[in-house]
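This report refers to the structure that appears directly beneath it.
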Amino acid sequence: MYSELARHLSERAEMGMRKYGTHLSFYNRRNPYIDAYQETLDLIMYLRQVIEETDVRYFVEVDYHVVQEPKPRPQPDRRRHVLTHVLSDLLLDDIGIHYIEHPFVSLYVDAIRMAEKFRLTIEGQKL
């Protein structure tokens, strides 16, 4: 069922081996919460970019498989940074992007909540 995902994970691991000379291992003296937090922050930015750059009308889903690729929306202002949108979303009450009907909004909101849990853990606060 997840054979393609497994293949991609293996390819990423091999890329990491070439780049860093080692695979990710347990007890490697790095803080996995900080690593996961930083990667989740990147995920938030990428997901917000996906939401902004694709028009949901072009998503046709059948059993969770996209059968037609999303087409990009016209770009009104390319100088506007993705971070501007993310910060704006965070300032609205309870992540105000819920109103946007897009298949990736729930992932975006989940990533924001995940990042906050990592942040709280790193700060040593009770979850």
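The values are calculated or read from the model by the stated rules, or taken from the named source; none is laboratory data. None of these values were measured; they are calculated from a predicted model.
Of all residues being assigned to a helix (DSSP H, G or I) and of a type in the set (F, W, Y) in segment 1-51, which is farthest from V105 (Cα to Cα)? Just the residue, please. It comes out as Y20.
Listed here are the residues, each with its yes/no results for (1) within 20 Å of the chain's Cα centre (by Cα); (2) at pLDDT below 85.
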residue	(1), (2)
Y2	yes, no
L5	yes, no
G21	no, no
Y27	no, no
Y37	yes, no
Q49	yes, no
E69	yes, yes
H85	yes, yes
D89	yes, yes
